[in-house]
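First up is the structure itself, then whatever we jot down about it.
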Amino acid sequence: MALWFAWFVALAAVAVAGYAAYLLARNRPVDNPLFYAASALELLLVVQTVAGCVALASTDRDIEGVTFVGYLLTCVLIPPAAVLWGVSEKSRWGTGVVVVGMLTVAVLVARLVQLWSGHA
């Protein structure tokens, strides 16, 4: 797994969370730019999941494979769930759900880096 790409994905998740927090502070609902940013993050997460599974299959490191793949799949599932929940909730707290979801993705990606580096 390319660690630089994982950190880039984590930074992108924090950036999307930052924009969602801006909307939350302005008392705004989920808008199109936030949806597009979350979609771009989702694309990065799908690439990371495929690359992570390929890297896991071709490595001889001592990594707990089930846990690693579980983290990868959870990362892919959170952004759509957070955005769908955020869109369905018309108050400002819908945007708050997106903030929490994107920060969760950033933490999960950081944990993936720890698992891959053997610090788990």
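Under 8 Å between Cβ atoms, at least 6 apart or on separate chains: pull out the pairs that start in the stretch 29-51 with a residue that is touching a residue at least 40 places away in the same chain (Cβ under 8 Å) and end on any residue that is in a helix (DSSP H, G or I) and among the hydroxyl-bearing types (Ser, Thr, Tyr).
Correct list of pairs: 29/95; 30/95; 34/19; 34/95.
Can you tell me which of 13, 17, 51 is farther than 15 Å from residue 103 by Cβ and either modelled with pLDDT of 95 or more or among the basic types (Lys, Arg) (or both)?
51
Looking at (1) modelled with pLDDT of 95 or more; (2) touching a helix residue (DSSP H, G or I) at 6+ places or on another chain (Cβ under 9 Å), which is the only condition residue 28 fails?
With (1) modelled with pLDDT of 95 or more; (2) touching a helix residue (DSSP H, G or I) at 6+ places or on another chain (Cβ under 9 Å) applied to residue 28, the lone miss is (1).
The values are calculated or read from the model by the stated rules, or taken from the named source; none is laboratory data. Please read these numbers as outputs of a predicted model, since none were measured by experiment. Reconstructed Cβ throughout: ideal geometry from the backbone, glycine too, with neighbour counts over all protein chains shown.
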